[in-house]
Amino acid sequence: MSAVQICALGIIAVFAVILMRDSGAPHPESIVIILAIIVFFRVTDSISDIVGFIFSISEGTGVSDYVKLLVKAAGIAYIVDFAAGLCRDAGEGGVAAYVEMAGRCEIVLLTLPIARELLEISFGMLNL
């Protein structure tokens, strides 16, 4: 799905929400949530192409393990941001905060092996 199509869907969704609010229809935020889900699934093809390109570049460099962790962390961040945005759109800011906290914890857990490696290298350089 192109950026122009996504923008057009966004504008249509905004007008639909405004019309729903003005007419007193229940749950106008459902339009936004449905749009977000449609866009998310349409963009996954582009995301997989980007990830494939990044992996192909990093294959011969010797840093492919680090790149994999970086891509996983970025993926977690995007998914968490998407889910938290949906929660906020639904009026559940508290749930959004918990989703974001869980995502941060997941990213920290993901990067712990790198932190351990850096500490071992640092201690090795200091001969500790």
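The residues listed here are A102, A83, A97, A77; of these, the one that is under 20 Å from A13 (Cβ atoms), out of contact with any strand residue (DSSP E or B) (no Cβ under 9 Å at 6 or more places or on another chain) and either in contact (Cβ under 8 Å) with a residue 12 or more places away in the chain or not charged (D, E, K, R) (or both) is A83.
Among residues of segment 106-128 that are within 14 Å of K68 (Cβ to Cβ), those with a beta-carbon under 8 Å from a residue that is among the charged types (D, E, K, R) and part of a helix (DSSP H, G or I) at least six positions away or on a different chain give the pairs L110/K72.
Quick one: would you say A96 is surrounded by 13 or more Cβ atoms within 10 Å (Cβ to Cβ), in the same structural domain as L112 (by TED's automatic domain parsing), closer than 23 Å to L109 by Cα and small (G, A, S)? Answer is yes for this residue. Taking segment 22-41 as the range and being surrounded by 11 or more Cβ atoms within 10 Å (Cβ to Cβ) and within 22 Å of the chain's Cα centre (by Cα) as the test, the residues that pass are E29, S30, I31, V32, I33, I34, L35, A36, I37, I38, V39, F40. L19 passes every criterion in (1) under 30 Å from L110 (Cβ atoms); (2) surrounded by 11 or more Cβ atoms within 10 Å (Cβ to Cβ); (3) hydrophobic (A, V, I, L, M, F, W, C) apart from (1).
The values are calculated or read from the model by the stated rules, or taken from the named source; none is laboratory data. Quick caveat, the model's predicted, so the values are computed rather than measured. Using ideal geometry, Cβ is built from the backbone for each residue, glycine included, and neighbour counts are taken over all protein chains shown.
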